[in-house]
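Read-outs: derived from the displayed coordinates by stated rules, not from any lab. Fair warning: this is a prediction, and the values are worked out from it, not measured in the lab.
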Amino acid sequence: MKKLYIHILNIVALVLYFIFNAFAYLGMNFTVPTEPYTAEYTFLGSFYVLLGAFYYLQIKYNSIGKFLIIIVMEVVFLYVWGLNGQSLLEPLLE
């Protein structure tokens, strides 16, 4: 698979993650904090780390079959992380 498609897909994903995180960050700042937002900020930053890890795997394994498997893994992993990631980080950081 051409690496151009991989780059385009990941740039689109980066823009979407940036928009999501910007709204989440702004939403957290409209409330009065009762405790520090360490877990929430770590959770938002972890999306970029995960995107970078999957981007590296896509560049390394760029055949169409492996690429599709990695994309499916990325979507499932980010969906599960988005649902449960913050609740997993809070006991560790606070």
Helical contribution to [θ] at 222 nm, DSSP H n ≥ 4, -39,500 (n - 2.57), averaged over the chain, rounded to 500: -30500 deg cm²/dmol
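Where Rh is the Kirkwood radius over the Cα pairs of region 3-93, the temperature 37 °C and the viscosity 0.692 mPa s, what D in µm²/s does Stokes-Einstein return? Each step should come with its number before you reach the end.
Details: Rh = 14.4 Å.
Result for D is 228 µm²/s.
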Hey, what angle do you get for helix 38-60 against the long axis of the chain, alpha-carbon based, 0 to 90 degrees rounded to 10? 10
If one compares the long axis through the Cα atoms of helix 3-29 with the longest principal axis of the Cα atoms of the chain, the angle in degrees, nearest 10, works out at 10
